[in-house]
Every structure is written in C-alpha cells, then in structure tokens.
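Readers should treat all values here as calculations from the given coordinates under stated rules, not as data from a laboratory. Keep in mind that this is a model prediction, so the values were computed, not measured. Every residue, glycine among them, receives a Cβ derived from its backbone with ideal geometry; neighbour counts consider all protein chains shown.
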Amino acid sequence: MFEKKETRPEPAKQRLTSLAELGEFGLIERLTREVKRFHPETLKGVGDDAAVIDMGEKVLLVSTDLLIEGIHFDLTYMPLMHLGYKAVVVNVSDIAAMNGIPAQVTVSIALSSRFSAEAIDEIYAGIRLACDKYKVDLVGGDTSTSTTGLMLSLTILGTVNKGDEVYRSGAQEGDLLCVTGDLGSAYMGLLLLEREKSVFKANPAMQPELSGFDYQIGRQLRPEARTDIRNMMVGTGLKPTAMIDISDGLSSDLLHICKQSNLGCNLFEAKIPIDEQTRELALEFNIIPVVAALSGGEDYELLFTISQKDYDKVKDISGISIIGHMTAASQGKNMITPDGHVVPLTAQGWDGMKPER
Ligand code: ADP
Ligand code: MG
C-alpha cells in the first residue's frame, strides 16, 4: 500500500478589488448588475435620477439620498437648519430632474449623543421649511443612534402623468443641450467656507472673511431645486427629451446623458453660464472658472436636451442657456474651447470613492 498523497491545490490568491479603482458608478454597476425585476410596473430601476413605477394614469417616482457628516457636510460651517433644508432640496431636485412633482418624503436620521434635542429641532425646522416651500409631506422615517457622526437619509416620492416623465436616456442626435441658472457657484462657496475654516483653525481669533460672497455661500449651504422649470416648460408646451440634475458637476452629469442616450456631445465652453463674481472668485483661488462649473457640483440646476424644432420655445425663457448639442456616439464627447480647440470631456465630479479625496 502506498500512501495517497493529497495534493490540495494552493488556494489562488484572490486579488481584491479596491473601491477606488471601481469608482462610485463602477461600484453601483457591479452591485446592481444581477438584480432581477419581478414586477412589470417597475418601468425604470437603477440608473436615473429616480426609479419610475407604473401606477396606471400616472407614474410614481422614487429617489433616495444619503448625507454623512464629514463627507457631505461639515457642521463647523453648516448650520443645522440649512442641513435639514438642503437634505430635502437634493431629493426634490431628483424628482424635478424626472419632470415630476414632488409629493412625500421620509426622513431617517442617525445621531450620536453629542446632539441635544434642540439641535435636532433645528434640523427638523429646516426640513419643515423645505417641505413647506416645495409642498412635500413628511410621512415617516427612522431614528437611530450613531457611534460616529450624524447621518441623514431621505427618500422622496413624486408623480407625473405617464409619458411625461423624462429619462436620462431620451436624447436624440442633433438635440440642443440646455442648462438652467449658472454653474460653479456652490463649489466656490464650499472653497470659501473651507478656506475660512482653516484660517479659523490656525487662529481662532480671526473673524471669517465671508462678507460679499452671499451668493456663493448661499448656493452651497442653502441650494434650491428647480421645480419652477417644469411649470415654465409646461406653459410653453416644451418637453425635454432627456434630463438630469447637476449634483456632481456639468461634465459628469452630461456624460450620464451621453451614456444613457448612447450619444456624443459638443459642449461650447463659452456658453457655459458662470456668475461674474464666481468667475472672479475662482481666479482668486487659482481655479479656471469653467473647471468649477464642469467639476464642482452641487449646483442642483437642470441639464436637459430638447429637439431643435423647439428652439423658438426655449430661446426666450430667461435663465436657460443653450450650451451645445448632441452628436452621434462616434463623434465623441467633446468640449469646444473659445479658440476652437476640441477637448474630450472627462468626469471629474464629486466621486467619493476617488483616492485623492
Ligand atoms: P443621483 O446623483 O441622481 O442622486 P446617483 O448617482 O446617486 O444618482 O445614483 C445613480 C443610480 O444608482 C440611481 O438610480 C440610484 O438609485 C442607484 N444607486 C445608487 N446607489 C445604489 C445602491 N447602493 N444600490 C442600488 N442602486 C443604487
Ligand atoms: Mg440626480
């Protein structure tokens, strides 16, 4: 008899994938790739500003957002009331991006013992203020303790007549690319607040130098959602072919429309709306102003495409800029500089998984 030698294969060293190499969107894709769908009413799952559920004559829109202390907000300069307000606004914005009407919201909150009841009252005062402004009903939530910081997660429901919802995927070749308001100011507001925070840390006797920049600070701390755009467009019989809200920065969010619509784009740098004072402020910070608009994020403006035949309907609406057009995917995703150079667009928006953050 000879001994049977067991040759157990060496377990192959499994190479683990870091979140940094996947990025936020790569991770979401990986997590949701094999998700099954059981209900035909689920018209749209992952991949847009809100999920879309068939309710008969209407569709139900569902979106959720998570805000974490130290990642999404810093309580050294974010007043609690503003935090509550902003938490509602960023959710309302996702419903606006679907051409929907916001209706109900749930609020889940995790708190550490360092917060008093009065502090939480402040957050809820902000939440109620935003609910009043956008006519949203607070219908529930969840409350928990947290061993670290404050966390807020809101889920919003909205509705719209079936067929009136607007997806990121509906753009057509030749469509005009439009954006509401101006871009980059929220980011410059954040940089101002961060700068003053570091000055204060170095010398607590220093007074913050924020006066004169109310617009930028306001855009960062107390943004608004563009629910007004829907009414304006309904009034002129205009319906975008595709839409997204600008939460991550123009380039990242435009690339979502391109990807989902399977198109390319020509974005004209000179047409990107930037507030004059924001432009000056960016230069003072040694930032090219258009970079603040492309990569800054948190402006919560709407980026949308319309058919060329609707040009007359959109051209006179104040506060809407036509910044480019959609092309065939083979043409690439490009920005045209004022001197005619063609620069490929890359996503450098807020990506929490990027190692350099
Ligand atoms: P937005 O910027 O509009 O809030 P996100 O970029 O956060 O959208 O999310 C993109 C899509 O991925 C959305 O449809 C969202 O519901 C979905 N999503 C994000 N995180 C997850 C997750 N952990 N599991 C499933 N779906 C997710
Ligand atoms: Mg969105």
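Below is a table of values for the structure above.
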read-out	value
Distance (nanometres) between label positions extended 7 Å along Cα→Cβ at residue 277 and residue 211	1.3 nm
Greater than 32 Å apart at Cα, pairs in 86/197; 197/239; 86/239	197/239
Highest-first arrangement of 192-203, 278-289, 218-229, 102-113, where packing means the average Cβ count within 10 Å	218-229, 102-113, 278-289, 192-203
Selected from 80, 16, 157 as most flexible by GNM, with the chain as the system and alpha-carbon contacts under 10 Å	16
Overall dimensions of region 168-246 by Cα: Rg and Dmax, Å	18.5, 57
Partners for residue 333 among aspartates and glutamates (Cα-Cα distance below 20 Å; same-chain residues under 8 apart left out)	48, 173, 175, 245, 248, 253, 269, 351
Rounded to whole Å, sorted largest first: equivalent-ellipsoid semi-axes of region 40-161, Cα gyration tensor	28, 14, 12
Two-site FRET efficiency, residue 129 against residue 309, from Cβ-Cβ distance with R₀ of 35 Å, rounded to 0.05	0.30
Principal axes of the chain: Cα extent on each, largest first, Å	94, 57, 49
Distance-filtered residues of region 265-290 - backbone nitrogen under 20 Å, label point 7 angstrom along residue 342 Cα→Cβ	265-272
Residue 118-residue 291 pseudo-label distance in nm [points 7 Å out on the Cα-to-Cβ vector]	4.4 nm
